[in-house]
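Chemist: This is the structure I have questions about; it appears just below.
The values are calculated or read from the model by the stated rules, or taken from the named source; none is laboratory data. Just so it is clear, the model here is predicted, and its values are computed rather than measured. In this analysis, Cβ positions are derived from the backbone assuming ideal geometry, glycine residues included, and neighbour counts consider all displayed protein chains. What goes into the accessible areas is simple: the full protein's heavy atoms, side chains included, and nothing from ligands, DNA or RNA. Shrake-Rupley method; radii C 1.70, N 1.55, O 1.52, S 1.80 Å.
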Amino acid sequence: MDQTKTPYFQALLDYVDAGVIPFHTPGHVQGSGMDPSFREFVGDNICAIDLTPMPGLDDLLQPTEAVRDAQELAAQAYGADRTFFLVNGSTSGNQCMMMTAVNPGDKIAVPRNSHKSMLGGLVMSGAQPVYMQPEVDEGLHMDHCVTPQTVSRTLDEHRDLAAVYLVSPTYYGVAADLAEIERIVHGAGKLLLVDEAWGPHFHFHPELPLSATAAKADLSINSTHKMLSAFSQCAMLHQCGGRVRIDRLKSVVKMFLSTSPNLPMVASLDVARKQMATDGERLLSRTIALAREARERINRVEGLYSFGDELKGRPGVFDVDPTKVVVTVRGLGYTGYEVSELLRRRYNIQVELADLFNIVALFTIGTRDEAAERFVTALEEISRDDRPLDMFARSGILDQPRNRRSYRLPKTPPMRMLPRDAFLAPTESVTFRKSKGRICAETIAPYPPGIPVLAPGEEITDEILNYLRLELKAGVRIQGPYDSELRTIRVVKG
Ligand SMILES: Cc1ncc(COP(=O)(O)O)c(C=O)c1O
């Protein structure tokens, strides 16, 4: 196939060139009905290609023309048997994978540090999670991946599992031993699903971790918008091998897609694939070199640490994505949230993620040399702390003796009900302090990274409450619960 072609983008251009007289959605009619202030800013071209599925522009739900061609090119580029374009992120990808692979009551092994959209998939499918403990790195205050040993033990203990679901890489760029895990899971005759939201670039550079499609995971997802150049919300769902029921997969994807997908987004997926297939290695080589250089300089700064290849071989760390620059700032006495805010307010720099110990800066094919320079220089300056102290004085929150124990990542609480049953059960709101011992009916996830501390069906323990208290004090946003300030928590009634 000719990877220099972008059939979907071309189909939109052809429609515009044809000068068709439009009597169809969207109502802004290629921009002419749009409020001028918005149109002037976003530009005429994006309005002109914001069209709707119709003959010539194909249909994402039932592709027979340009969408089919674009998806086939993507499948070939990724080494998959089939690829589906998604316009609601890997969030919908996780839901599609679960709804395809498992039925109500089926058991599926999942790591506890999965994104909250995995829980959405569990609620929708009615499957029963068997949680696998990822490897905890107390020093860096993060969970890594699950090991092949953990997967193997889980399969031995639960012979009735239908599937194994993995997150690789983590939000912090740590990758699992996918080749070995694939051997184990398929050896046991089970399905392997991989949330590779953070690894859409892996397949296109030999120095990056093995991709899920190269490892022949049955289903895997990529957030093409996260590390590649597609518009926000764009993602791909890949399928490999003959274990998944294709009719089921196709009807699930259809169920999760809008009947009016944003077509510029679909075109941006097509173009992002072409960019990687034709020029990915060169673009990523530059990105990897830039990130490595930044990491080396950061590691010369006292009080800062940015992990790299030396982490490989630690439990749960098979490989590391060099384009994620994770900086552990604990040695400066600041929390990651404080450094993130400092970077934004004092240096106009916005990082992707902050947590209690770390900040994460993404280095992608779009990162400029000057931006990398500004980032490193800002960190050097923060570490010297030679500016008069202002609103950014350290809170010292992590050093207060009563907090020392609670910043440990909490253990998975006991699961008392299936996520679906708890989510759909009659519920009531109780105050945060009175919630101890109750069964949580919602997902509570500090965001970012969006990894649930509590899932529907789990018992609310003291350890969890202490941890959440600390996160709230540190100013983190909580996603999922009805009351995002957590003055109350929704629990199963009775
Ligand atoms: C591991 C993981 N999976 C899935 C998602 C959801 O991806 P999206 O934002 O593309 O819906 C995220 C988002 O951060 C994530 O970190």
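Chemist: Can you give me the solvent accessible area of H225 with a 1.4 Å probe, rounded to the nearest 10 Å²?
Modeler: Accessible area, nearest 10 Å²: 50 Å².
Chemist: For the full complex of protein chains and a 1.4 angstrom probe, list I444, I365 by accessible area with the highest value first.
Modeler: I365, I444
Chemist: For a Förster distance of 60 Å, can you work out the FRET efficiency between the beta-carbons of R346 and D247, rounded to the nearest 0.05?
Modeler: Computed FRET efficiency for R346 and D247 comes out at 0.60.
Chemist: I would also like to ask the following. Mean projection of the alpha-carbon convex hull of segment 402-492 over all orientations, in nm²?
Modeler: For segment 402-492, averaging the hull's shadow over all directions gives 5.2 nm².
Chemist: Starting from the Cα-Cα distance between R68 and T25, subtract it from 0.36 nm times their residue separation and give me the gain in nm to one decimal.
Modeler: So the chain would gain 13.3 nm between R68 and T25.
Chemist: Here's another thing I want to ask about it. With runs of 4+ DSSP H residues as the only contributors, calculate the mean residue ellipticity of the chain at 222 nm using -39,500 (n - 2.57) per run, divided by the residue total and rounded to the nearest 500.
Modeler: -11000 deg cm²/dmol
Chemist: Counting only protein heavy atoms and a 1.4 Å probe, tell me what percentage of the chain's accessible area is made up of carbon and sulfur.
Modeler: 50
Chemist: For the pair R477 and E370, how long in nm is the line joining their label points, each one 7 Å along Cα→Cβ?
Modeler: Going from the R477 label point to the E370 one covers 2.9 nm.
Chemist: Over the chain, with the other protein chains present, what is the accessible area per residue in square angstrom, probe 1.4 angstrom?
Modeler: 42
Chemist: Could you order E352, E471, E296, E381 so the one with the most accessible surface comes first? Probe is 1.4 Å.
Modeler: E296, E352, E381, E471
Chemist: While we're here: Given Cβ point charges of +1 (Lys, Arg) and -1 (Asp, Glu) and nothing else, what value in debye, to the nearest 20, does the dipole of segment 402-492 about its Cα centre take?
Modeler: It comes to approximately 460 debye.
Chemist: Let me ask something else. What FRET efficiency comes out for D462 versus S395 if R0 is 35 angstrom and r is the Cβ-Cβ distance? Round to the nearest 0.05.
Modeler: With R0 = 35 Å, the Cβ-Cβ based efficiency is 0.90.
Chemist: Among A176, H238, T259, whose Cα sits farthest toward the positive end of the charge dipole of the chain (+1 at Cβ of Lys/Arg, -1 at Cβ of Asp/Glu, about the Cα centre)?
Modeler: A176
Chemist: Using a simple charge model, +1 on the beta-carbon of Lys and Arg, -1 on the beta-carbon of Asp and Glu, nothing else, what dipole does the chain show about its Cα centre, in debye to the nearest 20?
Modeler: It works out to roughly 1560 debye.
Chemist: Something else now. List the pair-distance distribution P(r) of the chain, using every Cα-Cα distance, as the percent of pairs falling in each 20 Å bin from 0 up to the bin containing the longest distance, rounded to whole percents.
Modeler: 22, 54, 24, 0
Chemist: Taking the Cα centre of segment 402-492 as the origin and placing charges on Cβ (Lys, Arg +1; Asp, Glu -1), which of P414, A474, P426 is farthest toward the positive end of the dipole?
Modeler: Comparing the listed Cα positions along the dipole, A474 ranks first.
Chemist: I've got another one for you. Under a point-charge model restricted to the Cβ atoms of Lys and Arg (+1) and Asp and Glu (-1), what is the dipole moment magnitude of segment 155-198 relative to its Cα centre, in debye to the nearest 20?
Modeler: Charge dipole, segment 155-198, about its Cα centre: 80 debye, nearest 20.
Chemist: What FRET efficiency would be calculated for the residue pair S232, E296, taking the C-beta separation as r and a Förster radius of 41 Å, to the nearest 0.05?
Modeler: For R0 = 41 Å, the calculated efficiency reads 0.85.
Chemist: Along the charge dipole of the chain, Cβ charges K/R +1 and D/E -1, which of M124, V351, V194 sits furthest on the positive end?
Modeler: M124
Chemist: Name the longest site-free stretch of the chain, where the excluded sites are chymotrypsin sites (Phe, Trp or Tyr not before Pro) in a DSSP loop with no more than 14 other beta-carbon atoms within 10 Å.
Modeler: 24-481
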